[in-house]
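Have a look at the structure below before the remarks.
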Amino acid sequence: MTITPLDLENARRYNIASRAQLAELGAGLVPFLESGTHRSLRGETTGTLWTVWRGRPEDGGPCLLVGLRGDRGTLAWYEDGENNRFVPVGTFLGGEAREYWTGGQPVGCTEGEELAVIYASLALGEFIGTGDRPTVVRWQPASAMPDHRQPEPIEQDAAFLAWRQAAG
(Lines give C-alpha, C1' and ligand atoms only; values in the text may rest on other atoms or scores of the structure.)
Protein backbone atom coordinates (compact mmCIF):
# COMPACT_ATOMS: atom_id res chain seq x y z
CA MET A 1 0.00 0.00 0.00
CA THR A 2 1.29 3.42 -0.93
CA ILE A 3 0.68 6.22 1.52
CA THR A 4 0.67 9.66 -0.04
CA PRO A 5 2.28 12.58 1.76
CA LEU A 6 -0.07 14.42 4.05
CA ASP A 7 -1.91 17.23 2.30
CA LEU A 8 -2.05 19.53 5.32
CA GLU A 9 -4.81 21.78 4.02
CA ASN A 10 -7.17 18.94 3.09
CA ALA A 11 -6.39 17.05 6.28
CA ARG A 12 -7.12 20.18 8.33
CA ARG A 13 -10.31 20.89 6.34
CA TYR A 14 -11.76 17.38 6.71
CA ASN A 15 -9.97 16.25 9.89
CA ILE A 16 -9.06 12.91 8.32
CA ALA A 17 -5.63 11.29 7.98
CA SER A 18 -3.93 7.92 8.14
CA ARG A 19 -1.65 7.00 11.01
CA ALA A 20 1.31 6.80 8.60
CA GLN A 21 0.63 10.34 7.37
CA LEU A 22 0.47 11.69 10.92
CA ALA A 23 3.66 9.84 11.83
CA GLU A 24 5.44 11.97 9.20
CA LEU A 25 4.73 15.08 11.29
CA GLY A 26 6.88 13.92 14.23
CA ALA A 27 7.11 16.65 16.86
CA GLY A 28 4.76 18.83 14.81
CA LEU A 29 1.85 16.43 15.33
CA VAL A 30 0.13 18.06 18.30
CA PRO A 31 0.41 21.63 16.96
CA PHE A 32 -0.99 20.37 13.65
CA LEU A 33 -3.94 18.62 15.31
CA GLU A 34 -4.66 21.67 17.45
CA SER A 35 -4.45 24.01 14.45
CA GLY A 36 -7.96 22.99 13.52
CA THR A 37 -9.36 24.44 16.74
CA HIS A 38 -12.39 26.63 16.22
CA ARG A 39 -14.06 29.32 18.29
CA SER A 40 -17.79 29.21 18.92
CA LEU A 41 -19.95 32.25 18.30
CA ARG A 42 -19.71 32.94 22.05
CA GLY A 43 -15.91 33.01 21.78
CA GLU A 44 -15.40 29.69 23.59
CA THR A 45 -12.78 27.24 22.42
CA THR A 46 -14.37 24.25 20.77
CA GLY A 47 -12.76 20.90 20.14
CA THR A 48 -11.51 19.33 16.95
CA LEU A 49 -12.44 15.72 16.23
CA TRP A 50 -10.03 13.78 14.00
CA THR A 51 -10.57 10.45 12.28
CA VAL A 52 -7.27 8.59 12.03
CA TRP A 53 -7.29 5.47 9.86
CA ARG A 54 -5.01 2.45 10.18
CA GLY A 55 -4.45 2.50 6.42
CA ARG A 56 -5.71 4.78 3.70
CA PRO A 57 -9.06 6.40 4.55
CA GLU A 58 -10.54 5.33 1.24
CA ASP A 59 -9.77 1.67 2.08
CA GLY A 60 -11.79 1.74 5.31
CA GLY A 61 -10.79 -0.58 8.14
CA PRO A 62 -10.16 0.29 11.77
CA CYS A 63 -9.97 3.91 12.82
CA LEU A 64 -9.55 5.97 15.97
CA LEU A 65 -11.58 9.11 16.58
CA VAL A 66 -9.62 11.57 18.69
CA GLY A 67 -11.07 14.83 19.95
CA LEU A 68 -8.94 17.58 21.45
CA ARG A 69 -10.44 20.52 23.35
CA GLY A 70 -7.99 22.29 25.61
CA ASP A 71 -7.24 20.04 28.58
CA ARG A 72 -10.08 17.64 27.68
CA GLY A 73 -10.46 15.13 24.89
CA THR A 74 -12.61 12.31 23.61
CA LEU A 75 -11.93 8.91 22.06
CA ALA A 76 -13.79 6.27 20.09
CA TRP A 77 -12.56 3.17 18.27
CA TYR A 78 -14.25 1.66 15.24
CA GLU A 79 -13.24 -1.91 14.43
CA ASP A 80 -14.34 -1.62 10.82
CA GLY A 81 -14.50 2.12 10.26
CA GLU A 82 -18.31 2.33 10.55
CA ASN A 83 -19.67 -0.16 13.05
CA ASN A 84 -18.52 -1.90 16.20
CA ARG A 85 -17.87 1.35 18.06
CA PHE A 86 -15.97 1.19 21.36
CA VAL A 87 -15.54 3.96 23.95
CA PRO A 88 -13.32 4.26 27.03
CA VAL A 89 -14.62 2.57 30.18
CA GLY A 90 -15.81 5.21 32.64
CA THR A 91 -17.26 7.55 30.04
CA PHE A 92 -21.00 8.11 29.90
CA LEU A 93 -23.63 10.11 28.09
CA GLY A 94 -24.55 13.08 30.24
CA GLY A 95 -23.68 16.53 31.44
CA GLU A 96 -23.40 19.70 29.41
CA ALA A 97 -22.99 19.53 25.65
CA ARG A 98 -19.47 20.13 24.37
CA GLU A 99 -18.80 21.32 20.85
CA TYR A 100 -16.29 19.57 18.61
CA TRP A 101 -15.77 20.23 14.91
CA THR A 102 -14.93 17.76 12.18
CA GLY A 103 -14.92 18.36 8.46
CA GLY A 104 -16.21 21.90 8.99
CA GLN A 105 -19.29 20.67 10.86
CA PRO A 106 -20.07 20.88 14.59
CA VAL A 107 -20.51 17.59 16.44
CA GLY A 108 -22.05 17.29 19.89
CA CYS A 109 -20.33 15.47 22.70
CA THR A 110 -21.51 15.31 26.29
CA GLU A 111 -19.33 16.24 29.23
CA GLY A 112 -19.35 12.59 30.36
CA GLU A 113 -17.80 11.46 27.08
CA GLU A 114 -14.70 13.55 27.72
CA LEU A 115 -11.55 12.51 29.53
CA ALA A 116 -8.22 14.14 30.31
CA VAL A 117 -6.50 15.13 27.07
CA ILE A 118 -3.38 13.17 28.08
CA TYR A 119 -5.31 9.92 27.52
CA ALA A 120 -6.46 11.04 24.08
CA SER A 121 -2.88 12.04 23.21
CA LEU A 122 -1.38 8.80 24.52
CA ALA A 123 -3.98 6.70 22.72
CA LEU A 124 -3.26 8.52 19.46
CA GLY A 125 0.48 8.07 19.88
CA GLU A 126 0.05 4.37 20.58
CA PHE A 127 -2.24 3.94 17.56
CA ILE A 128 0.19 5.77 15.27
CA GLY A 129 2.95 3.45 16.49
CA THR A 130 1.13 0.12 16.39
CA GLY A 131 -1.97 0.45 14.22
CA ASP A 132 -3.88 -1.51 16.86
CA ARG A 133 -6.61 -0.41 19.24
CA PRO A 134 -4.77 1.54 21.97
CA THR A 135 -4.29 -0.17 25.33
CA VAL A 136 -3.68 3.02 27.32
CA VAL A 137 -7.41 3.00 28.11
CA ARG A 138 -9.83 0.12 28.66
CA TRP A 139 -12.60 -0.09 26.09
CA GLN A 140 -16.24 -1.09 26.20
CA PRO A 141 -18.85 -1.37 23.44
CA ALA A 142 -20.59 1.99 22.96
CA SER A 143 -23.91 0.22 23.56
CA ALA A 144 -22.76 -0.44 27.15
CA MET A 145 -22.01 3.23 27.87
CA PRO A 146 -24.32 4.48 30.64
CA ASP A 147 -26.82 7.13 29.56
CA HIS A 148 -27.37 9.71 32.31
CA ARG A 149 -29.06 12.26 30.06
CA GLN A 150 -32.51 11.19 31.21
CA PRO A 151 -33.54 10.64 34.83
CA GLU A 152 -34.45 7.13 35.84
CA PRO A 153 -38.14 6.45 35.32
CA ILE A 154 -40.00 7.23 38.52
CA GLU A 155 -41.22 3.64 38.72
CA GLN A 156 -37.61 2.64 39.39
CA ASP A 157 -37.18 5.07 42.28
CA ALA A 158 -37.15 3.17 45.59
CA ALA A 159 -38.56 6.12 47.59
CA PHE A 160 -41.46 6.49 45.16
CA LEU A 161 -42.20 2.76 45.29
CA ALA A 162 -42.23 2.85 49.11
CA TRP A 163 -44.53 5.87 49.08
CA ARG A 164 -46.85 4.18 46.57
CA GLN A 165 -46.99 1.01 48.68
CA ALA A 166 -47.69 3.00 51.87
CA ALA A 167 -50.37 5.07 50.12
CA GLY A 168 -51.88 1.79 49.10
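The values are calculated or read from the model by the stated rules, or taken from the named source; none is laboratory data. Values in this document were obtained by computation on a predicted structure and should not be read as measured data. Heads up: the accessible areas ignore ligands, DNA and RNA and are worked out on the full protein's heavy atoms, side chains in. Shrake-Rupley method; radii C 1.70, N 1.55, O 1.52, S 1.80 Å.
Carbon and sulfur atoms: what percent of the 1.4 Å accessible area of segment 46-105 do they account for?
Roughly 45 percent of what the probe reaches on segment 46-105 is carbon or sulfur.
Over segment 68-158, accessible surface divided per residue gives 56 Å², non-protein components excluded, 1.4 Å probe. Sequence-ordered 3J(HN,Hα) estimates for segment 89-104 from the Karplus curve with 6.51, -1.76 and 1.60 and θ = phi - 60° stand at 4, x, 7, 8, 8, x, x, 5, 6, 10, 9, 10, 10, 8, x, x Hz, glycine and proline given as x.
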